[in-house]
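The values are calculated or read from the model by the stated rules, or taken from the named source; none is laboratory data. This is a predicted model, so every value here is computed, not measured. In this analysis, Cβ positions are derived from the backbone assuming ideal geometry, glycine residues included, and neighbour counts consider all displayed protein chains. These area figures cover heavy atoms from the full protein model, side chains too; ligands, DNA and RNA do not enter into them. Shrake-Rupley method; radii C 1.70, N 1.55, O 1.52, S 1.80 Å.
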Amino acid sequence: MNRFLKVGLIATAAAMLLASPLSAKKIRWKLAETWPSTLTPLASPPAKLAALMKEMSDGEFIIKVEGKEKHKAPLGILDMVKGGQYQMGHSGSYYWKGKDINTVWFTTVPFGMTPSEQYAWFYYGNGMKYMKEVYDKFGVYSYPGGNTGNQMGGWFRKEIKSVDDLKGLKMRIPGLAGEVMAKLGVNVTNIPAGELYTSLDRGTIDALEWVGPGMDIKMGFHKVAKYYYTGWHEPASEMQFLVNKKAFDKLPKKYQVMLETAMKAVSMDMYIENFAESADAWAKMKKEYPDIKVKTFPKPVLEALKKAADEVYAGYAAKNPKFKEIWTDYKAYMKKARAWSMMSQYYYLKMSKDLNITK
Ligand code: CA
């Protein structure tokens, strides 16, 4: 080693020694998620976010992710992030509809937008603006946190041939969709995930909805109910990241940018992951359980559901001016975006079916 290089190295080492106590001390955050930490793909975004933040910050920004098995409060995430016990959360906005009905707009709504339409609304329409307004009073920021894509309408033990078949049917279906089903006489119940299979198997419930093939296959519903209905009620379920406002505002700008960029990246990744898992799972189900019957509700049933959904929306809009404002904006955006979806995706898929191009 020549002398100059040696001196240079010593100087660098000395500078590093001097710099290290002064360099920003490590940021250590905790994130609580609604799901068990093994429930992928829902649990994927927080785990991937923590890994990305660690790498991108050279180990200076550490996020410890705690699943439901640890904190035992799956529906306490918003309160825990608001209170600062956790700087971050990962959950679903529509779980907070009891605190503010306007939180439903940031997950998905019955007969609402598709994922691409909804992402356009979030990032290039008024979605993010409204989400910020709605969550402001909780002292948190909310961000999109990964999409399940269009969900299936659920598993039914019996075929639904008419609106009358819904009367008295016992079904697990949460959110606004549950309110819509209740209007048509469905006996809506909520049952913890761990008891769903047994409830359906024993006939405690007649039907349930969960997500789509990728997540449903792990639950085994296809073994106990053979009618698998296409969706209408959760066309684009978006998860959410919650961030305590004070904690975020205190971060150096570079970490704010890093965090927001990483949240967006891992959210998009969940959408892709779930799509891939559903494609795999559906191929497997079709092969191993050829008696699964994929059905779409008859048109009169769908029309009755749509009418009931509009009544539910109108009921909230009459009492809540903010609901009315967001509903109006959402509908106008959907109308514009849907016209393009039809011209692009719908006609492409229709042509692909007509020509049977995947054979
Ligand atoms: Ca669902």
query: Based only on the alpha carbon positions, what is the Kirkwood hydrodynamic radius of the stretch 194-248, in angstrom?
result: 13.6 Å
query: Dividing the alpha-carbon Rg of the chain by 2.2 N^0.38 Å yields what?
result: 1.14
message: Within 12 Å, Cβ to Cβ, of GLN118, how many net charges do the neighbouring residues add up to if Lys/Arg are +1 and Asp/Glu are -1?
response: -2
- prompt: aspartates and glutamates within cross-link reach of LYS254: Cα-Cα under 15 Å, excluding same-chain residues under 8 positions apart?
  reply: GLU55, ASP58, GLU60
Over 28 Å (Cα to Cα) - which of LYS183/LYS335; LYS264/LYS331; LYS295/LYS319 fall in this group: LYS295/LYS319
- prompt: What's the local net charge at GLY127, with K and R +1, D and E -1, over the other residues with C-beta under 12 Å away?
  reply: -2
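Give the carbon-plus-sulfur fraction of the accessible surface of the chain in %, rounded to a whole number; probe 1.4 Å, heavy atoms of protein chains only.
C and S atoms contribute 59 percent here.
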message: Between 0 and 90 degrees, rounded to the nearest ten: what's the tilt of helix 253-288 against the longest Cα principal axis of the chain?
response: 40 degrees
message: Need one number: % antiparallel among DSSP beta bridges in the chain, to the nearest 5.
response: 50 percent
- prompt: For the stretch 26-348, what is the accessible area per residue in Å² when the probe is 1.4 Å?
  reply: 46 Å²
field: the chain: calculated mean residue ellipticity at 222 nm from DSSP helix runs of at least 4, using -39500 (n - 2.57)
entry: -15500 deg cm²/dmol
Set LYS82/LYS306; LYS48/LYS322; LYS97/LYS245 screened for pairs whose C-alpha atoms are more than 28 Å apart: LYS82/LYS306; LYS48/LYS322
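What is the dipole size for the stretch 26-348, taken about its Cα centre, with +1 at each Lys and Arg Cβ and -1 at each Asp and Glu Cβ, in debye to the nearest 20?
Approximately 380 debye in magnitude.
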query: So how tilted is helix 3-22 from the main axis of the chain? Cα-based, degrees 0 to 90, rounded to 10.
result: 60 degrees
message: Need one number: the % of Cα-Cα pairs in the stretch 112-193 sitting beyond the 15 Å mark.
response: 70 percent
message: Can you list residues from other chains, or at least 5 along the same chain, whose modelled amide H is less than 5 Å from the amide H of THR189?
response: MET171, ARG172, ILE173
query: Taking K and R as +1 and D and E as -1, what net charge do the other residues with C-beta under 11 Å from the C-beta of TRP96 add up to?
result: +1
field: Farthest positive-ward along the chain dipole, Cα basis, beta-carbon charges - from MET343, ALA262, THR198
entry: ALA262
message: For a protection proxy built on the mean count of beta-carbon atoms within 10 angstrom, sort 158-164, 115-121 highest first, please.
response: 115-121, 158-164
- prompt: What order, most packed first, do the peptides 219-228, 102-111 have when packing is the mean number of other Cβ atoms within 10 Å of each residue?
  reply: 102-111, 219-228
